[in-house]
Number of protein chains: 2
Amino acid sequence: MKQSMEQDAPIGVFDSGLGGLTVMREIMRQLPEEHLLYFGDTARVPYGSKSKRTVCRYSRQIVRFLQSRHVKAIVIACNTASALAFDEIRDEIDIPIIGVVEPGAMMAADTTKTNNIGVIGTESTVKSGIYDKFLHRINPDITVVSKACPLFVPLVEEGLWEDRVTEDIAGRYLHELKEYEIDALVLGCTHYPLLRRIIGREMGEQVKLVNPAYETAKSLKVLLTEHDLLHPSGIDDKGPTYDYYVSDGVEKFISFAGDVLSCHVGKAEVVNIESY
Amino acid sequence: MKQSMEQDAPIGVFDSGLGGLTVMREIMRQLPEEHLLYFGDTARVPYGSKSKRTVCRYSRQIVRFLQSRHVKAIVIACNTASALAFDEIRDEIDIPIIGVVEPGAMMAADTTKTNNIGVIGTESTVKSGIYDKFLHRINPDITVVSKACPLFVPLVEEGLWEDRVTEDIAGRYLHELKEYEIDALVLGCTHYPLLRRIIGREMGEQVKLVNPAYETAKSLKVLLTEHDLLHPSGIDDKGPTYDYYVSDGVEKFISFAGDVLSCHVGKAEVVNIESY
């Protein structure tokens, strides 16, 4: 049995910016006893158009920061970083780590009946072909159709979650996906669940939208259990702590985080992430 | 009289990414003898939503890189960096440096007849109030109306220079500017000249669009002359060299640069800018 000090340590959750809060939200729901430490790389957002080399360097700096805060496990709550940096980082650290891509792929494979799956994400995620790889590993008969949607992130960050412009752009991006008979569409970027209504209307009811956040939180629970790192329930009267760190723009972060998490986020601290 | 070696050194031009190429283009036109070295911080783009502290840190790293390449002068071809970092950097280096904001303000003040000037730019540029400051210094009677247009940069980078979505967004951003009787509108972000047609149609013929790039190149010529650093014309048979450096994404840069400069950009080199 592990020391309770280790079980009591926080889980580090990181993202290129604000989108990972949709994953944070799901972990809060499914693992309500856990302390969480969120880092959003708001100074260097977005990752979605950056190269593997750059995303790996940035992710390593963040992992070093999280380890300096003694996290017991790490969640890469960003599809691009999961796609480009997960394998490298997993081999370099000795605490459990999980990305959003593998759980998302598992959920999509469970959802589809036609074996035709759509994936939307950032330029770098789609270019990496990572969802195809995981989906084909699960079931070689699955056909994957991917499409990069570069404007979705700025549209979400501008607050246009329900807007005719976002509808117009969604129509163009998703048009060609509709020609294939997909019945499951992976929202392969953590910003996209915030556009779920528009994407859902565009794709039609027969297409199930797969949000990897749900399955990631579920897989995280399994992983913590395997490592005997799950926070024991009911022993901590004070409840979990949620700490927020960003590399820039505290005010914008706090306001956006409040909207996504539907709760008051009191403060966030700025970290000079390049020094890690 | 200075050594010709110093006059023969390149001018360093930098931007947060690709937009500064519109300034580069203007310098090529007005100073066709000069060697130019362009740096685009494509790994950390955009600057427009970042804080002063972060933009200053990034700009300092770039200036150190340019100095390591022995540039004879520096052009900050980015409105956000000019707005947030120009004063700090000018005091720290001993070579001539110029931003785009002061020349842009001078040109706008020359252009207006009604003394009502509009300024559009990124969130950080508009928040800094820098155009207001320069315009009021030139003429205290000038009224300035500013508006941040955060989606313009991603729309330009997505290639939607002439598109109904860009028109729709432009209509919303520029709508309130039209209520004031402005007769000059500063394109206070180096991406915006690429949307000049849509912005021009929206504002109407009575509003002159002011592109700071033109005046920046003109002021640069004056500055170099003052410091006896102008490249002597006609002494170099080989013509000027143009070198391109970026912090990420060489291919995208080369393709975009070709479009903006209307010439073939053969290669660009990746720089690990955080190490400077």
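From the list B:Val250, B:Val270, the lone residue that is out of contact with any Pro (no Cβ under 9 Å at 6 or more places or on another chain) and surrounded by 17 or more Cβ atoms within 10 Å (Cβ to Cβ) is B:Val270. Scanning the range A:185-208 for residues that are outside any helix (DSSP H, G or I) and either under 21 Å from A:Ser124 (Cα atoms) or within 12 Å of the chain's Cα centre (by Cα) (or both) yields a total of 7. Among the residues of the range B:62-91, those identified as of a type in the set (S, T, N, Q) and within 24 Å of B:Glu6 (Cβ to Cβ) are B:Gln67, B:Ser68.
The residue pairs whose first member lies in the range A:47-64 and is under 11 Å from A:Ile273 (Cβ atoms), whose second member is of a type in the set (Lys, Arg) and in a helix (DSSP H, G or I), and whose beta carbons are closer than 8 Å, counting only pairs six or more residues apart or on different chains, do not exist in this structure.
Residues that are of a type in the set (Val, Ile, Thr) and buried (at least 19 other Cβ atoms within 10 Å of the Cβ) do not occur anywhere in the range A:223-238. Restricting B:Asp168, B:Asp141, B:Asp110 to those that are away from every other protein chain (no Cβ under 14 Å), surrounded by fewer than 20 Cβ atoms within 10 Å (Cβ to Cβ), of a type outside the set (Val, Ile, Thr) and part of a helix (DSSP H, G or I) reduces the list to B:Asp110.
In the range B:27-40, the condition of being within 14 Å of chain A (Cβ to nearest Cβ), open to solvent by 10 Å² or more (accessible area, probe 1.4 Å) and within 25 Å of B:Val210 (Cβ to Cβ) is met by no residue. Kindly evaluate B:Thr125 against the criterion of being touching a strand residue (DSSP E or B) at 6+ places or on another chain (Cβ under 6 Å), under 21 Å from A:Glu157 (Cα atoms), open to solvent by less than 10 Å² (accessible area, probe 1.4 Å) and part of a helix (DSSP H, G or I). For B:Thr125, the condition - touching a strand residue (DSSP E or B) at 6+ places or on another chain (Cβ under 6 Å), under 21 Å from A:Glu157 (Cα atoms), open to solvent by less than 10 Å² (accessible area, probe 1.4 Å) and part of a helix (DSSP H, G or I) - is met. Checking each residue in the range B:116-147 for being without any contact (Cβ under 8 Å) to a residue 60 or more places away in the chain and closer than 28 Å to B:Ala257 by Cβ picks out B:Ile130, B:Tyr131.
Is it the case that some residue within the range A:232-240 is over 22 Å from the mean Cα position of the chain (by Cα) and modelled with pLDDT of 95 or more? The answer is no, given that none of the residues of the range A:232-240 is over 22 Å from the mean Cα position of the chain (by Cα) and modelled with pLDDT of 95 or more.
Annotation note: of B:Ser262, B:Ser255, B:Ser219, the sole residue that is within 14 Å of chain A (Cβ to nearest Cβ) and either open to solvent by 10 Å² or more (accessible area, probe 1.4 Å) or modelled with pLDDT of 95 or more (or both) is B:Ser255. Within the range A:207-222, the residues that satisfy the criterion of being in contact with a Leu (Cβ under 9 Å, 6 or more places away or on another chain) and under 15 Å from A:Val13 (Cβ atoms) are A:Pro212, A:Ala213, A:Ala217, A:Leu220, A:Lys221. Checked against the criterion of being more than 14 Å from every other protein chain (Cβ to nearest Cβ), touching a Cys at 6+ places or on another chain (Cβ under 6 Å) and touching a residue at least 24 places away in the same chain (Cβ under 8 Å), the range B:88-106 has at least one qualifying residue. If you go through the range B:144-165 and pick out every residue that is within 14 Å of chain A (Cβ to nearest Cβ) and more than 21 Å from the chain's Cα centre (by Cα), you end up with 3.
Do you know which of the residues in the range B:72-88 that are among the hydrophobic types (A, V, I, L, M, F, W, C) and open to solvent by 10 Å² or more (accessible area, probe 1.4 Å) is nearest to the chain's Cα centre (by Cα)? Among them, the one singled out is B:Ala83.
B:Asp15 passes every criterion in (1) within 14 Å of chain A (Cβ to nearest Cβ); (2) open to solvent by less than 10 Å² (accessible area, probe 1.4 Å) apart from (1).
The values are calculated or read from the model by the stated rules, or taken from the named source; none is laboratory data. Values in this document were obtained by computation on a predicted structure and should not be read as measured data. When we count neighbours, we look across all protein chains shown, and the Cβ atoms used for this are built from the backbone with ideal geometry, even at glycine. Calculation scope for accessible area: heavy atoms of the full protein, side chains included, ligands and nucleic acids excluded. Shrake-Rupley method; radii C 1.70, N 1.55, O 1.52, S 1.80 Å.
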